[in-house]
Every structure is written in C-alpha cells, then in structure tokens.
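This report concerns only the one structure given below.
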Amino acid sequence: MTETAPKRPEFRNINALSDLPTYRLPPAGWVSILHRISGALMFLLLPFIIWMFDQSVSSEISFAKFKYAFNVGLGFAPGWFLKLIALALIWAYLHHLIAGVRHIYMDAHHAVTKEFGRSSAIATLSTSIALTLLLGAKLFGLY
Amino acid sequence: MTVNYGSKRVVVGAHYGLRDWLAQRITAALMALFTLLVLLQVVMGSGPIGYDKWAGIFSSQWMKALTFTIIVAMAYHVWVGVRDIWMDYIKPVAVRLSLQIFTLVWLVSCTGWAIQVLWRL
C-alpha cells in the first residue's frame with residue numbers, strides 16, 4: 001500500500017465571513033450565484049406576488065386599492081417601499097429569465113467556448129441591470 | 001457500467017434526476033413564452049392600462065386554462081430549484097427534510113391561492 005504517500009491538503013469548508021468577501025468570481029460565477037439568489041428571492045416573495053395579482057385583477061375597487069398602496073402606502077409600509085420590493089422582483093425576474101435562456105442555449109449547444117461563457121455572462125448581467133434601471137425609472141415616475 | 005436502475009443502483013450516483021432536470025427546463029420555457037404572451041397583450045392597444053384591460057387579459061377561458069397550467073409549471077419549477085438549494089447547503093437530514101416540507105407547504109398554499117384568484121375572475 002502507499003503508506004509513504006504524502007498527505008494531501010484538504011479544503012473541506014470555506015468560512016462564509018472570511019473567505020467569501022475576498023473570493024473573486026468570474027462573470028459567469030456572478031450570473032450563477034445571482035441566478036440562485038434571484039430564484040430564492042422570488043420564492044420567498046411569492047405571497048407578495050400573488051397578493052399583487054389578487055389585488056390588481058379581482059375588482060375595480062381592489063385595483064384602486066392596489067394603485068393606492070403603491071402611490072401612497074399600505075398600513076405601515078409607505079408606497080416607495082412597496083415599489084422598492086417590486087423593483088427587486090423586477091430585477092430578480094429579469095435576471096432569472098435571461099440567465100435561464102443562456103442556460104438553455106448552452107444546454108442545446110454542447111460546444112460552447114470559454115469565451116462565449118464569459119461574453120454571454122457579461123451580456124446577461126448588463127441586460128438585466130439595464131432593463132431593471134429602465135423599468136425602475138418608469139416605476140418611480142421619472143418618465 | 002454502473003447499474004443505474006432497480007434496487008441495486010448507486011444511491012449517490014448521477015443521472016437519476018433527469019426527469020426533474022428536463023422538467024425544470026420545459027417549465028422554464030413555458031413560463032418564458034407565457035411572459036411574452038402577457039407582455040404582448042399588455043403592449044397591444046394604446047393608452048394607460050386600466051382595470052378592464054388588465055383583468056380582461058386573464059378573463060377568457062383559454063387564458064384561464066393556460067394561466068392555470070403556468071401556475072402549476074411554476075410550482076414544479078420552484079420545487080426543483082429550491083430543493084437544489086437545500087441539497088447544496090443543508091447537510092443534516094432532519095433540517096433538510098424540515099425545509100423541504102416547509103417548501104412544499106409554502107408552494108402548495110401559494111398555488112391554491114393563485115388558482116382561487118384566477119378562477120373567481
């Protein structure tokens with residue numbers, strides 16, 4: 001047996017507080033982790049999403065309440081706060097959708113290159129952020 | 001080749017999840033197409049979107065049936081995705097099982113609510 005074989009170093013765990021902030025991710029890595037974070041965010045905010053669907057679609061009165069909630073406020077939550085949550089959801093949906101399309105494209109084309117992985121990741125990040133800014137400006141009434 | 005069927009298959013082996021892998025992609029594609037469909041209907045016609053136009057999009061029977069399918073597709077999609085998160089980060093079996101049960105309760109409840117909203121339109 002290989003008793004003389006040197007013991008290889010093991011790295012079983014990374015410390016979330018000391019290692020993650022200094023860990024430099026490539027663009028594709030950012031797309032990947034943000035895909036997961038955006039999905040988790042939409043999962044946790046699912047009741048809010050269905051509440052918006054319920055309010056906006058059920059009746060004229062609930063539609064008016066829906067508008068009031070976003071323009072003025074709902075209970076203790078001011079309107080801008082609801083808009084901020086909606087904006088987070090807009091970003092999450094856009095990023096998840098675009099990263100998902102990239103994912104399916106890569107699944108369908110087995111011969112993707114390292115360069116394509118990088119350029120498509122940058123395209124994903126910039127498109128989702130640009131569209132979020134565009135829709136965010138509309139949401140907050142800048143145009 | 002490793003046995004990948006029946007009771008002798010390797011529990012920690014790969015490729016047992018092809019069904020979920022494929023289902024996640026199919027449901028994703030369906031949701032993407034549905035997004036386009038709703039967007040098209042929102043964009044069509046001019047003027048601000050009032051209640052009539054917005055609720056009108058979901059009120060026809062074919063759109064209700066389709067939206068129902070998309071809600072179910074979304075629940076399946078989210079189940080696969082969130083379960084992946086738990087499987088990656090949560091190792092103790094009891095904690096992972098509890099979180100998976102929470103996920104299912106959360107998703108089935110939300111699905112029921114969404115369908116109720118849809119069908120009383």
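The values are calculated or read from the model by the stated rules, or taken from the named source; none is laboratory data. All figures in this text were calculated on a predicted structure; none of them were measured in a lab. Quick reminder, even Gly has a Cβ in these numbers, built from the backbone with ideal geometry, and neighbours come from all protein chains shown.
Structure summary
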read-out	value
Count - residues of segment A:98-133 that are of a type outside the set (S, T, Y), more than 14 Å from every other protein chain (Cβ to nearest Cβ) and part of a helix (DSSP H, G or I)	12
Number of positions in segment A:16-43 that are under 20 Å from A:I85 (Cα atoms) and of a type in the set (F, W, Y)	1
Qualifying residue in segment A:18-29 (condition: at pLDDT below 95 and within 12 Å of chain B (Cβ to nearest Cβ))	no
Options B:V80, B:V72; residue that is touching an Asp or Glu at 6+ places or on another chain (Cβ under 7 Å) and either assigned to a helix (DSSP H, G or I) or hydroxyl-bearing (S, T, Y) (or both)	B:V80
Among (1) more than 14 Å from chain B (Cβ to nearest Cβ); (2) of a type outside the set (V, I, T); (3) in a helix (DSSP H, G or I) - the single one A:H35 does not satisfy	(1)
Qualifying positions in segment A:1-17 - within 13 Å of chain B (Cβ to nearest Cβ) and of a type in the set (K, R)	A:R12
Meets criteria (closer than 17 Å to A:G100 by Cβ and of a type outside the set (G, A, S)) for B:L39	yes
Among the candidates B:L118, B:L36, residue that is surrounded by 11 or more Cβ atoms within 10 Å (Cβ to Cβ) and either within 11 Å of chain A (Cβ to nearest Cβ) or among the hydroxyl-bearing types (S, T, Y) (or both)	B:L118
Residues of segment B:57-107 satisfying the condition of being within 12 Å of chain A (Cβ to nearest Cβ) and of a type in the set (K, R)	B:K64, B:R83, B:K91
Options A:L131, A:L94, A:L135, A:L84; residue that is buried (at least 18 other Cβ atoms within 10 Å of the Cβ), within 23 Å of the chain's Cα centre (by Cα) and not acidic (D, E)	A:L94
Every pair of residues 6+ apart whose Cβ atoms lie under 9 Å, when the first sits in segment B:67-85 and is closer than 18 Å to A:I37 by Cβ while the second is at pLDDT below 95 and small (G, A, S)	B:H77/B:A23; B:V80/B:G17; B:V80/B:A23
Sole residue being of a type in the set (K, R) and within 27 Å of A:A99 (Cβ to Cβ), chosen from A:K67, A:K83	A:K83
Flag for A:I49 being under 30 Å from A:G29 (Cβ atoms) and either of a type in the set (K, R) or more than 9 Å from every other protein chain (Cβ to nearest Cβ) (or both)	no
Matching residues, segment B:105-121, being free of Cβ contacts under 8 Å to residues at least 40 places away in the same chain, in a helix (DSSP H, G or I) and not hydrophobic (A, V, I, L, M, F, W, C)	B:S109, B:G112, B:Q116
Residues of segment A:16-28 that turn out to be in a helix (DSSP H, G or I) and either without any contact (Cβ under 8 Å) to a residue 12 or more places away in the chain or among the β-branched types (V, I, T) (or both), as a count	3
Complete set of residues in segment A:53-93 that are in contact with a Phe, Trp or Tyr (Cβ under 7 Å, 6 or more places away or on another chain) and more than 10 Å from every other protein chain (Cβ to nearest Cβ)	A:G79, A:L82, A:K83, A:I85
Failed criterion for A:G117 (all others in (1) touching a residue at least 60 places away in the same chain (Cβ under 8 Å); (2) exposed (fewer than 15 other Cβ atoms within 10 Å of the Cβ) hold)	(2)
Flag if B:I26 is β-branched (V, I, T), more than 9 Å from chain A (Cβ to nearest Cβ) and out of contact with any strand residue (DSSP E or B) (no Cβ under 8 Å at 6 or more places or on another chain)	yes
